[in-house]
Amino acid sequence: MTSLAAVARQVDPDDLAGAVAGATDSGGRFTGLVATARDGGATSLRALIADGASVEIIEALLPAGVDHYRALTPVVPGAFWYEREIHDLFGLVADGHPRLDALVFPLTGDGGDRLRPGRPEAGVRVDPDTSALPGHVYGEGVFTIPYGPVRSGVFETVEYLVETFGEDIPQLRVRPYLKHRGIARRFTGLDPGDGVLLAERAEGTMSAAHAIAFCGAIETLGGVDPPPAAQLLRVVHAELERIAHHLDSMIRHTEGAGQAVAYARLSWHKERLLRLQADLCGHRFARGVVTLGGTTGPPLLAPDEALGALRAIEADLARDLRTLMTTPSFLDRLRTTGIVAPAVAVVHGALGPVGRGSGTGPDVRIERPYGGYRQLGFAPAGPRDAGDALARQWIRAEEVAGSWHLLRQALDELGAHPDGPWRCPAPVADGTGLGWSESPQGELIYLVEVTDGHLAHVKARTASFHNFALFSHAFGGDILTDFVFIEASFGVNLAGVAG
Amino acid sequence: MPWVPRGLRDGIVTTRYPRRPDGYGPHYRAAITVTGGPSSPKASAPGGDRQLASLCPTRAITVDGGEVRVDRGRCILCGRCVAERPELFAFDPGIDVAAVERDSLIVPGLAVGADHDPDDDSVERARAELALRVRSLRRSVHIRHVDAGSDGAEEWEIAALGNPVYDVQRLGVFFTASPRHADLLLVTGAGTAGMAGPLRRTWQAMPAPKIVIAAGTDAISGGLAHPSYPTYGGIGTLLPVDVWVPGSPPSPFSLLNGILIGVGMLDPRRQR
């Protein structure tokens, strides 16, 4: 069985930038750059180009001892963070990159450094070296406010270095390295069955999306198509997860705007959704459901009972969202806040609600339908052109409506499959496979290599990482008090950013 | 204005826990329990001890002389052992999974010798020491949360404690921005190298008496994120932990249970 990645196009390292630029000029969308350590100190660089119904891989192999290549960023701006990540983890220097500062793992020393942690020979313990972080700011009266890593409130860890001369935020740096867990290398050597469990924890709030994308890669390799009932059940959990995730973003908006009743109501609905997940599978984050070849079993709640619970939440939430989105004191905080200009979003290839709020952004469920989505229909959200936090909020509200629609269909059809089957044999084949899903934050891609039945290399290209590179572009005319809304409107999972 | 009647529309949705048991508790799979019993003949696995232990992706299962044990501090609740060996393992519903001693997360507990002196019990000592230390926090406690490398789900569950269903403020439990105002440090995540320093400084900034809770399996043992080059395998090597709350992630009820045990509002011995 040939996998998608078997069609990787090989180019010279110095031609990679040109090849990727050519692919994006002819209608492709740059959607990630993945480095992989090869035997003997060589490194493979693979650019992912989404093109209609397929994903093209353009690969350049850097032999051992070669640690410079021509940067992609000057011609493909979306590569900005990827090349910084690859520099941190593999010590590769992108010549011509505008700012190759540390991002996910600061270390001193540059090219020729073979002890970068992305390489297995780097050893079992590597500590970040904060002296590698740049500390200079330039400009009249500009100073920095380090915001984090221990911030006020219950948040994931990140440090923002806000460069300001008062209220305005001309520049902002994101330092996600504090919670870098080395997930990509952690996959290496695992049994694919254990890999599903780790994928569920790569971004713990999007477990279903990750499990589906990871399993999709392995199933593509093995030529496995899970049974219809399992595909539908996967859709149910993924869509419940999407609604909960969008609600979480909205809850943080209402908290920031001091909308106490809206905050309480929406948090209650979110709790009901997580409980519905748990009623269906025993886990509030739908972990342990999706597995290679299908699902681990039938839903624990009958589909018609789930539909009843769902309808109750849907009606309450729809009423509350209608009121929220007509509350002027709430909308005023979001309107024109955190604008990501559509031109910037298009060039970057922004994903999910962030992209769709700025006039672009694919929905993988439609662009490259997978699993149960091949037979279910829904109206895609947006796109909208305003690019502000309000546009992203509207996109989320529309996506929630689409998810209810999908959930009703999927549960309806599940009723026709009371006895499954829920799982088919899923032989693991060696090779390179791609899997994807539309996570709540947008397109999620897994690039998986299997050798001798075990995971050799796995990279989860999260939408959180891809989108968050745009965060510092969203502070055009905004001031410090807008920060909470802009951050909430991006709605990223920082574990997925840090890797 | 429409929000005023909306806020009253659905009546009270808040749990009565801990004064009354909550009906949701039994719905959530909070832990794994060994149903075969420590000396049950069922435990002598046909496939051999090693095969039984290798069922678990985080090495939470140990077999020692025919006695099967599960370390809930390592367990990520994937349920593989329950699916493969239902005669030996089962999900344990409920919310009271927190422990004041790391070793008491290993179930069933280690056998107690005949000459065992109950006054010498280390769990009892840990409880007594903790109770003495937190005497002044029993009526109200301020919590500082720090993420030391979580997957993000733990933060959702901690934030849920503020929703109307759990509403921890009714119990005098508050989240605070400054470590200077905090009595309790609630730590999530596998303990990343990047967070070791900030975590320690946060703990040092807190006034005594202070309590540390390791929230979630990742914070206890590193879970599936460990071993990995930038993680410490839990926060136990970074800070003195008083209460261990297993779960991947722990449910809001489990977290609340752990907090109440930590500040002495609940006696873990009188729960079941």
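What follows is calculated from the coordinates using simple rules that are stated; it is not laboratory data. Keep in mind the model is a prediction, meaning the values are calculated, not measured. With ideal geometry, Cβ positions are generated from the backbone for all residues, glycine too; neighbour counts draw on all protein chains shown.
Need the C-alpha centroid separation for region A:265-311 versus region B:229-260, integer Å.
Cα centres, region A:265-311 to region B:229-260: 25 Å.
With 10 angstrom as the radius, rank B:Arg72, B:Arg50 by how many other C-beta atoms surround their C-beta, starting from the fewest.
Ordered from fewest to most neighbouring Cβ atoms within 10 Å, B:Arg72, B:Arg50 come out as B:Arg50, B:Arg72.
In chain A, which helices (entire DSSP H runs) extend 18 Å or more along their own long axis, judged by Cα positions, while averaging at least 1.0 on the Kyte-Doolittle scale?
TM-like helix candidates: A:207-222.
For region A:388-499, max minus min Cα coordinate along each principal axis, in Å, sorted largest first?
If we take the Cα atoms of region A:388-499, the spans are 55, 40, 16 Å.
Evaluate the distance, in nm, between pseudo-label points positioned 7 Å from the Cα of A:Gln10 and of A:Arg311 along their respective Cα→Cβ axes.
With each label placed 7 Å out from Cα toward Cβ, I get 6.0 nm.
Cα-based Rg of chain A per 2.2 N^0.38 Å, rounded to two decimals?
Details: Rg = 22.0 Å, N = 499, 2.2 N^0.38 = 23.3 Å.
After normalising by residue count via 2.2 N^0.38 Å, the value is 0.95.
Please give the Cα centre distance for region A:203-259 versus region A:369-415, rounded to the nearest Å.
12
Work out how far the C-alpha atoms of region B:187-242 reach from end to end along every principal axis, then list the three figures in whole Å, largest first.
Rounded to whole Å, the extents work out to 33, 19, 13 Å.
If I require 27 Å or longer along the helix axis, counting alpha carbons, and a Kyte-Doolittle average no lower than 0.0, what helices from chain B are left? Use full DSSP H segments.
Numbers: long enough: none.
Going by DSSP H runs, there are no hits.
If you average over every viewing direction, what projected area does the convex hull of the Cα atoms of region A:395-458 give, in nm²?
Values: hull surface 24.6 nm².
Averaged projected hull area, Cα only: 6.1 nm².
Do the sum for chain B: with -39,500 (n - 2.57) for every DSSP H run of n ≥ 4, divided by all residues, what is the mean residue ellipticity at 222 nm, to the nearest 500 deg cm²/dmol?
Details: 8 runs with 65 residues, N = 272.
Dividing the helical sum by the residues of chain B leaves -6500 deg cm²/dmol.
Find how many whole Å separate the alpha carbon centroid of region B:121-178 from the alpha carbon centroid of region A:11-39.
A separation of 48 Å, based on Cα centres.
Using only the Cα atoms of chain B, what do you get for the radius of gyration and for Dmax, in Å?
19.4, 70
Arrange the following residues from fewest to most other Cβ atoms within 10 Å of their Cβ: B:Met195, B:Met265.
Details: B:Met195 30, B:Met265 19.
Placing the least packed residue first, the sequence is B:Met265, B:Met195.
Can you give the helix-only mean residue ellipticity at 222 nm for chain A, where every DSSP H stretch with n ≥ 4 adds -39500 (n - 2.57) and the sum goes over all residues, rounded to the nearest 500 deg cm²/dmol? Before the final figure, lay out the partial values.
Details: 16 runs with 192 residues, N = 499.
The helix-only estimate for chain A comes to -12000 deg cm²/dmol at 222 nm.
Using square roots of five times the C-alpha gyration tensor eigenvalues, list the equivalent-ellipsoid semi-axes of region A:75-185 in whole Å, biggest first.
Rounded to whole Å, the semi-axes are 26, 18, 12.
Residue by residue through A:347-353, how many Cβ atoms from other chains fall within 10 Å of the Cβ on average?
Numbers: counts 0, 0, 0, 0, 0, 0, 0.
Taking all residues of A:347-353 together, the mean is 0.
So how do A:Glu121, B:Glu155 line up by other beta-carbon neighbours within 10 Å, fewest first? Please list the in-between numbers first.
Working: A:Glu121 9, B:Glu155 27.
Fewest to most other Cβ atoms nearby, the residues stand as A:Glu121, B:Glu155.
Which semi-axis lengths, in whole Å and largest first, follow from the square roots of five times the eigenvalues of the Cα gyration tensor of region A:333-385? Spell out each step's value before the answer.
Numbers: eigenvalues 127, 30, 10 Å².
Ellipsoid semi-axes (Å, largest first): 25, 12, 7.
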